[in-house]
Amino acid sequence: MERATSIINHIQPPTFGDLITILSIDGGGIRGIIPATILSFLESQLQELDGEDVRLADYFDVIAGTSTGGLVTAMLTTPNENNRPLFAAKDIKDFYLTHCPKIFPQCRGPFSSAVKMFKAISGPKYNGKYLHGLCREKLGKTRLHQTLTHAIIPTFDIKKLQPTIFSTYEVKSKPYLDAELSDICIGTSAAPTYLPTHCFETKDSQGNVREFNLIDGGVAANNPALVAMGEVTRQVFRGNPDFFPIKPMDYGRFLVISLGTGSMKMDEKYSASQASKWGVMGWLLSGGSTPLVDVFTQASADMVDIHISVLFQALHSESNYLRIQDDTLSGTVSSLDFATKENLDNLVKISKELLKKPVSRVNLETGIFEPVKNEGTNEEVLKRFAKQLSEERRLREMRSPHTKLFKSN
């Protein structure tokens, strides 16, 4: 049987379809390997349905990412010389395996602990030069408005003490947000104590200059799924024709895939008796990790998941929301920056095992992820989502006067 493939067009607006499709990727340093592996599987399923040339950006109205997720977002949505995504999803895992050891070089030798302690006191653990050069090299001069689908990347401006959301939806009304993607990625990845803050300026067509002083977007929204939903809702309120005739509160039409980067298992998390003895250094460095960063990023991610879970349950649309998260990480694999080959390989193994685990949903009472009965594995539900995404794309192309219909080989 011949397999149907599509002419590769930019995704048509939701006004021609039944759903609003959102992909969200958490922050988490080297643990970005986990969503990278999951995305590779999802894209492979879409390619089985629609041909090997399709990419994730061809199916999602919005791709949102914070910190390491912001970098993945840029890789998935930045156009190459052929106006196709710069990276296929299958290439992102190898990107992490190749570059993380250079972004987060490990201290070795008998005095490594003392060196880490000194760095924690004197400044960021890493100078960020390799990451900065890598972003400049891969993303070039590409600006936010040039992404192949809508991109949303949260950051936090430490000078203004407020979030700055880089959203393609806002570029026309706020041209100062049209920064180079390399600057945005460096800013959203600037995790406190790990990497230096990032300062840059943008200039609009009138010559107005805007300065940004950015740190990790995880301070504001380590899980950016709710930010993405909010940006879409704002467009509906404003009467954006891409969303006609969708109503502002029509959340039942959202299809959301939210990918976590893992968290520590319960018995390895911090206790009150531990924390009661910590001073400044204890909160910044304890047991080789950074508790303060762990606390605010995990709290941010979990609160978003809880809110969205309640929303979709209230609308009886649970099947339209998929959160994949592993809350059983143990030891060094729970670290943001322990970038040894062995640890990175272990993260790859964990990612593959996560695909085989049952679909889980956060228990609103305990905050623990628990398997959902009769939902199957994450791998199985991703296949179902891939079919929905493919059908939605086909529907839009059939209804839209701006594209050609699907054709067969």
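The values are calculated or read from the model by the stated rules, or taken from the named source; none is laboratory data. The shown structure was predicted, so the numbers you read here are calculated from the model rather than taken from an experiment. In this analysis, Cβ positions are derived from the backbone assuming ideal geometry, glycine residues included, and neighbour counts consider all displayed protein chains. Note: accessible area is taken over every heavy atom of the protein model, side chains too, but ligands, DNA and RNA are not part of it. Shrake-Rupley method; radii C 1.70, N 1.55, O 1.52, S 1.80 Å.
See the values below:
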| item | result |
| --- | --- |
| Qualifying residue in the stretch 247-257 (condition: within 14 Å of Leu19 (Cα to Cα), out of contact with any Leu (no Cβ under 8 Å at 6 or more places or on another chain) and touching a residue at least 40 places away in the same chain (Cβ under 8 Å)) | no |
| Scan of the stretch 158-191 for residues that are assigned to a loop (DSSP other than H, G, I, E, B), open to solvent by 40 Å² or more (accessible area, probe 1.4 Å) and either touching a Gly at 6+ places or on another chain (Cβ under 8 Å) or at positive phi (or both), ordered by number | Leu161 |
